[in-house]
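Below is one structure; the comments refer to it alone.
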Amino acid sequence: MVNTSFPRLEKSVFIVTYGRSGSTLLQNLLNNLPGYLIRGENENLLASLARAWDTVQRSEQGSKMRAEGQITTPQHPWYGYECVSEQALGEALAGSFIQTVLRPNDNTRVTGFKEIRWHTDPALFPVMLSFLHRFFPDARFIFNIRDHDEVVRSGWWKYMDEAKVRHQLTQAETLYADFAAAHPEQCITMRYNRYITGVEAWRPLFKFLAEPFDSKIVTAVLENKLQHLQTL
């Protein structure tokens, strides 16, 4: 069941990626689409929310109490826990995140954010995306990847052990592929090395988002290369 607290939002879009993948260019393009408000990184705030929801969802204690129809009193060590609903908690956490972190305005019809830290806890990765998929309006996931030979030479990665970096990138992309295989209609993979080649490379993204293709928007974004990309 999708959170219905924000009826004006048509869908949610999440850019799932790793650092120095060129994803800010993608973020910039999305924010040029009418009614789109795609925020930048937030230090993976979602992780704590998704973990809290998952704790309740997987709670053996809570499930046992509800299955037995327990009604606890103030003397019970788990007083009130039988009334904790993972559905209600998920909706409340998602609503709070939308309201306080994404902060859509009256003109926003699509919101979301970009993050580069999704893969830092592989076990939590599917939990986070499942949380978004379940509680955010018509959630869509854009997996943004880049040629590993370029990433390992870019930004902070070049100061790290190359073998470890390549392993981390491969692990991240495996997580992306697994989730995409399970939710093909909600996911698309965008390759930086492909979409910087020209306007037509962006057409599949517009189709995925059910937006009319606008070559003028794409051209303007590609021509106005972001400053931080100069060091990519």
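The values are calculated or read from the model by the stated rules, or taken from the named source; none is laboratory data. Because the structure is predicted, anything quoted here is derived from the model rather than measured. Counting neighbours? That spans all protein chains shown, and the Cβs are built from the backbone with ideal geometry, glycine included.
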Review point. Looking at the range 51-73, is at least one residue buried (at least 18 other Cβ atoms within 10 Å of the Cβ), at pLDDT below 95, in contact with a Pro (Cβ under 8 Å, 6 or more places away or on another chain) and under 27 Å from Asp121 (Cβ atoms)?
Key: no
Review point. Out of (1) touching a residue at least 60 places away in the same chain (Cβ under 8 Å); (2) β-branched (Val, Ile, Thr); (3) surrounded by fewer than 20 Cβ atoms within 10 Å (Cβ to Cβ); (4) under 30 Å from Gln171 (Cβ atoms), what's the single condition that is false for Ile38?
Key: (3)
**Study point:** Looking only at the range 128-185, and only at residues there that are outside any helix (DSSP H, G or I) and among the aromatic types (Phe, Trp, Tyr), the one that is farthest from Lys114 (Cα to Cα)
**Key:** Phe136
**Study point:** Number of positions in the range 92-120 that are acidic (Asp, Glu) and within 16 Å of Glu41 (Cβ to Cβ)
**Key:** 1
Review point. Out of all the residues in the range 127-136, which are surrounded by fewer than 22 Cβ atoms within 10 Å (Cβ to Cβ) and more than 11 Å from the chain's Cα centre (by Cα)?
Key: Val127, Arg134
**Study point:** the range 11-30: number of residues that are basic (Lys, Arg) and over 22 Å from Ile217 (Cβ atoms)
**Key:** 1
Point to revise | Long-range neighbours under 8 Å by Cβ, at least six apart or interchain, first residue over 14 Å from Gly19 (Cβ atoms) within the range 154-165, second of a type outside the set (Asp, Glu) and surrounded by 12 or more Cβ atoms within 10 Å (Cβ to Cβ) | key: Glu162/Val152
Check your understanding: Of the residues in the range 31-71, how many are over 30 Å from Val218 (Cβ atoms), aliphatic (A, V, I, L, M) and either part of a helix (DSSP H, G or I) or in contact with a strand residue (DSSP E or B) (Cβ under 8 Å, 6 or more places away or on another chain) (or both)?
Key -> 7
Exercise for review: Return the only residue of Ala94, Ala123, Ala88 being in a helix (DSSP H, G or I) and free of Cβ contacts under 8 Å to residues at least 12 places away in the same chain.
Suggested key: Ala88
Review point. Does any residue of the range 137-146 turn out to be among the aliphatic types (A, V, I, L, M), under 30 Å from Gly90 (Cβ atoms) and surrounded by fewer than 17 Cβ atoms within 10 Å (Cβ to Cβ)?
Key: no
Review point. Could you say whether any residue in the range 54-68 is free of Cβ contacts under 8 Å to residues at least 12 places away in the same chain and in contact with a Ser or Thr (Cβ under 6 Å, 6 or more places away or on another chain)?
Key: no
Practice item. Keeping to the range 74-93, report how many residues are among the aliphatic types (A, V, I, L, M) and at pLDDT below 95. Key: 1
